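Undergrad: Before I ask anything, here is the structure I am working with.
The values are calculated or read from the model by the stated rules, or taken from the named source; none is laboratory data. Predicted model only: the values in this text are computed from it and were never measured. In this analysis, Cβ positions are derived from the backbone assuming ideal geometry, glycine residues included, and neighbour counts consider all displayed protein chains. Quick note on the areas: whole protein, heavy atoms, side chains included, nothing else; ligands and nucleic acids left out. Shrake-Rupley method; radii C 1.70, N 1.55, O 1.52, S 1.80 Å.
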Amino acid sequence: MPTPRDSQRIVIAGASSLLGAELKSLLEESRFAGWDLSLVDEETAAGTLTEAGGEPAVIQPVEEGTFSRAKLVFFAGSPAFTERNLASARESGATVIDLSGAALSVDGVSVWFATDDVGHQADKSKTLYAIPSAPGLAAAKLINAISRADLSRLALIFFRPVSEAGRAGIEELETQTSQLLSFQSAGQPVFDTQVAFNLLDHYGAASRENLQSIRARIRREVSSVTGANRIEPSVQVLHAPVFYGYTFIAIAELNSKPSKDALIETCRKVGFTLDSDAASPLGNLKASGDSAIHLALPQDDPRPGAWWFWGAADNIRLPATTAIKLAEKLVE
């Protein structure tokens, strides 16, 4: 059923998640303030009391008719939740914007980066969009910048915060930290291993969190911008014992030999926030609550043409802001 052209209804599916809550907050501060906002989620989250538009609201389960007459549907929950409900959302005639990663494997999906000359234009004929994760957005922006300097090879390591596992992940790190400092055994129902005070290349075998799956998602996201004329980067993802914010380190090998100033200017032009204050080191906290991707000044390597990059981005705010930018373009 086609959606009425004058519809002002938005559905956030996965509204109880950190990403869903951020989307709701940003929508209420955007041009969509005043639109009819419906909040839905998994059965386990249904009945949760929240607010929307300054009024009390209850998160509802997905039912028949949940998506009818919606202009926009945002998926901000788990990939499994998106997979179960994506078909009915699309059948409603709404434009679907997926932040869960599930739509990346759907034929015809448009991956939107909001990066100069990379997925920047919103094709209004499309009805399904995927918003990359914070690592995918950061990698695409870095590729966009340094490809202009004749990129030969790029490798990136992303350090994942526990908030990517939702509120349960945050609570587990908080609890483990307290218990370990009190010399108590640490519970580990989410990650099946000690995540406090610990860097890891994988979680426990019983954990539903999987760093290899996260790495595969980033690779799929980045592959949509590399194409035939750009270098496919090597990507690794590690657990970091922090609550919020991805950090990343990258090394780029260039066939050309640009100056440091030239690289800085190129990175600034594509939209990075360059942090040059030596008295205030760049870390995940500096990017907290910011929709920009922060980048420290590039450092050269003894090998000619090789450069190191260190960056940080808010894992919740960055993709949510990107999704709102897309939605605004779609209704222009």
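Undergrad: Can you work out which of the residues in the stretch 103-113 that are open to solvent by 10 Å² or more (accessible area, probe 1.4 Å) and not in a loop (DSSP other than H, G, I, E, B) is modelled with the highest pLDDT?
TA: Taking the candidates together, the pick is Leu104.
Undergrad: Same structure again: Among the residues of the stretch 27-38, write down those that are part of a loop (DSSP other than H, G, I, E, B) and open to solvent by 30 Å² or more (accessible area, probe 1.4 Å).
TA: Applying the first criterion (part of a loop (DSSP other than H, G, I, E, B)) to the stretch 27-38 yields 29-35.
Correct list: Glu29, Arg31, Ala33, Gly34, Trp35.
Undergrad: If Glu209 passes every condition in (1) farther than 17 Å from Tyr246 by Cβ; (2) surrounded by 15 or more Cβ atoms within 10 Å (Cβ to Cβ) but one, which one does it miss?
TA: (1)
Undergrad: Could you tell me whether the stretch 213-220 includes any residue that is touching a Ser or Thr at 6+ places or on another chain (Cβ under 8 Å), closer than 27 Å to Ala130 by Cα, among the charged types (D, E, K, R) and in contact (Cβ under 8 Å) with a residue 24 or more places away in the chain?
TA: yes
Undergrad: Just for the stretch 55-69: of the residues that are within 12 Å of Leu39 (Cβ to Cβ) and outside any strand (DSSP E or B), which one is most open to solvent (accessible area, probe 1.4 Å)?
TA: Step by step, filter the stretch 55-69, then rank; the result is Val62.
Undergrad: Scan (1) touching a strand residue (DSSP E or B) at 6+ places or on another chain (Cβ under 7 Å); (2) in contact (Cβ under 8 Å) with a residue 60 or more places away in the chain; (3) under 25 Å from Leu99 (Cα atoms) for the single condition Asn255 breaks and write down its number.
TA: Asn255 satisfies all of (1) touching a strand residue (DSSP E or B) at 6+ places or on another chain (Cβ under 7 Å); (2) in contact (Cβ under 8 Å) with a residue 60 or more places away in the chain; (3) under 25 Å from Leu99 (Cα atoms) except (3).
Undergrad: Condition test on Glu83, is it open to solvent by 10 Å² or more (accessible area, probe 1.4 Å) and in contact with a helix residue (DSSP H, G or I) (Cβ under 8 Å, 6 or more places away or on another chain)?
TA: Spelling it out, Glu83 is indeed open to solvent by 10 Å² or more (accessible area, probe 1.4 Å) and in contact with a helix residue (DSSP H, G or I) (Cβ under 8 Å, 6 or more places away or on another chain).
Undergrad: Sticking with this one: Considering Ala33, Ala45, which residue is farther than 29 Å from Pro161 by Cβ and of a type in the set (A, V, I, L, M)?
TA: Answer to the check: Ala33.
Undergrad: Within the bounds of the stretch 39-47, is there any residue that is modelled with pLDDT under 95, outside any loop (DSSP other than H, G, I, E, B) and farther than 10 Å from Ala13 by Cβ?
TA: no
Undergrad: Something else: Considering only the stretch 219-332, give the helices (runs of 4 or more DSSP H) lying wholly within it that have at least 1 residues that are small (Gly, Ala, Ser) and surrounded by fewer than 16 Cβ atoms within 10 Å (Cβ to Cβ).
TA: On the way: elements: 260-269, 284-287, 317-330.
Filter on the stretch 219-332 gives 260-269.
Undergrad: Which of (1) of a type outside the set (Val, Ile, Thr); (2) on the phi < 0 side of the Ramachandran plot; (3) in contact with a Gly (Cβ under 6 Å, 6 or more places away or on another chain) is the odd one out, the single condition Asp192 does not satisfy?
TA: (2)
Undergrad: Being modelled with pLDDT of 95 or more and aliphatic (A, V, I, L, M) is the filter here, so list the residues in the stretch 187-223 that pass it.
TA: Result: Val190, Val195, Ala196, Leu199, Leu200, Ala205, Ala206, Leu211, Ile214, Ala216, Ile218.
For (1) in contact with a Ser or Thr (Cβ under 8 Å, 6 or more places away or on another chain); (2) of a type outside the set (A, V, I, L, M), each residue gets a yes or a no:
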{"site": "Ala130", "(1), (2)": "yes, no"}
{"site": "Pro135", "(1), (2)": "no, yes"}
{"site": "Ile146", "(1), (2)": "yes, no"}
{"site": "Leu151", "(1), (2)": "no, no"}
{"site": "Leu156", "(1), (2)": "yes, no"}
{"site": "Leu181", "(1), (2)": "no, no"}
{"site": "Ser185", "(1), (2)": "no, yes"}
{"site": "Val190", "(1), (2)": "yes, no"}
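Undergrad: Still on this model: What number of residues within the stretch 115-153 satisfy the criterion of being aliphatic (A, V, I, L, M), modelled with pLDDT under 95 and not in a helix (DSSP H, G or I)?
TA: Of the residues in the stretch 115-153, 3 are aliphatic (A, V, I, L, M), modelled with pLDDT under 95 and not in a helix (DSSP H, G or I).
Undergrad: In addition: Can you tell me which residues in the stretch 151-172 are open to solvent by 30 Å² or more (accessible area, probe 1.4 Å) and touching a strand residue (DSSP E or B) at 6+ places or on another chain (Cβ under 6 Å)?
TA: Applying the first criterion (open to solvent by 30 Å² or more (accessible area, probe 1.4 Å)) to the stretch 151-172 yields 152-153, 157, 159, 164, 167-168, 171.
Answer for the stretch 151-172, where residues must be open to solvent by 30 Å² or more (accessible area, probe 1.4 Å) and touching a strand residue (DSSP E or B) at 6+ places or on another chain (Cβ under 6 Å): Ser152, Arg153, Ile157, Phe159.
Undergrad: Tell me whether the stretch 186-200 contains one or more residues that are in contact with a Leu (Cβ under 8 Å, 6 or more places away or on another chain) and crowded, with 20+ Cβ neighbours inside 10 Å.
TA: yes
Undergrad: Just one of the numbered conditions (1) surrounded by 14 or more Cβ atoms within 10 Å (Cβ to Cβ); (2) over 20 Å from the mean Cα position of the chain (by Cα) is not true of Ile131; which one?
TA: Checking Ile131 against (1) surrounded by 14 or more Cβ atoms within 10 Å (Cβ to Cβ); (2) over 20 Å from the mean Cα position of the chain (by Cα), the one that fails is (2).
Per-residue answers, yes or no, for (1) touching a residue at least 40 places away in the same chain (Cβ under 8 Å); (2) under 20 Å from Ala250 (Cβ atoms); (3) out of contact with any helix residue (DSSP H, G or I) (no Cβ under 8 Å at 6 or more places or on another chain):
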| site | (1), (2), (3) |
| --- | --- |
| Ser280 | no, no, no |
| Ser291 | no, no, no |
| His294 | no, yes, no |
| Pro298 | no, yes, no |
| Asp301 | yes, yes, yes |
| Trp308 | yes, yes, yes |
| Asp314 | yes, yes, no |
| Thr321 | yes, no, no |
| Ile324 | yes, no, no |
